[in-house]
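See below for the structure under consideration.
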């Protein structure tokens, strides 16, 4: 592998290591394929990255699922070859929809379940009125924030503008709290 490709594969691998989206190896595979003029076979990728072919195969399948890598036929070869996607907008749409939106919606479900639990638990206790109001207020804030993020992801996936007015309200509320704490 040349120095330029090595720099990109190492850099992307390091960036991905803490991302929770791709593994270090998956990002390195993407970086390797991205700088290639021609598609590479699994054997070629394994050799370049000093990995087993089975490990490369498993990770390439994940990249194909994420639409970051495509399988390509090479005339005269019976092997599958792969190339990196260059439509980053489409790739990021897929990642946002499949990864982040799922997580956001899990938070919204947790908020709804907590609201129901709080209503039941605190309704029976007359002394808990203050706590009930505080819990409701905090859960409402959490819900509004994650609904905004969900709407933003939906807008991004659809190729529409992000709902900036909603974001401004959330950011201005947070900025006001930070100023008061100082």
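Going from the fewest other Cβ atoms within 10 Å to the most, the residues 165, 10 appear in the order 165, 10. For the chain, the longest principal axis of the C-alpha atoms and the axis of helix 129-158 are separated by about 30°. Any idea what angle helix 53-65 forms with the longest principal axis of the chain, computed on alpha-carbon atoms, 0 to 90 degrees, nearest 10? Result, in degrees: 50.
In the chain, the longest principal axis of the Cα atoms and the axis of helix 101-123 are about 20 degrees apart.
Fewest neighbouring Cβ atoms within 10 Å first, the residues 9, 103, 23 line up as 103, 23, 9. Measuring how big segment 18-68 is from its alpha-carbon positions, Rg and Dmax come out at 10.3, 30 Å. Take the Cβ atoms of residue 6 and residue 133, set R0 to 45 Å, and the FRET efficiency comes out at 0.15. Each of 153, 45, 95 was scored by other Cβ atoms within 10 Å of its Cβ. Arranged with the fewest first, they read 95, 153, 45. One decimal place: the segment residue 35-residue 107 gains 22.1 nm when fully extended, by the rule 0.36 nm per residue minus the C-alpha distance.
Rule-based calculations on the coordinates, nothing more; no lab input. It should be emphasised that the depicted structure is a prediction, and the values quoted were computed from it without experimental measurement. When we count neighbours, we look across all protein chains shown, and the Cβ atoms used for this are built from the backbone with ideal geometry, even at glycine.
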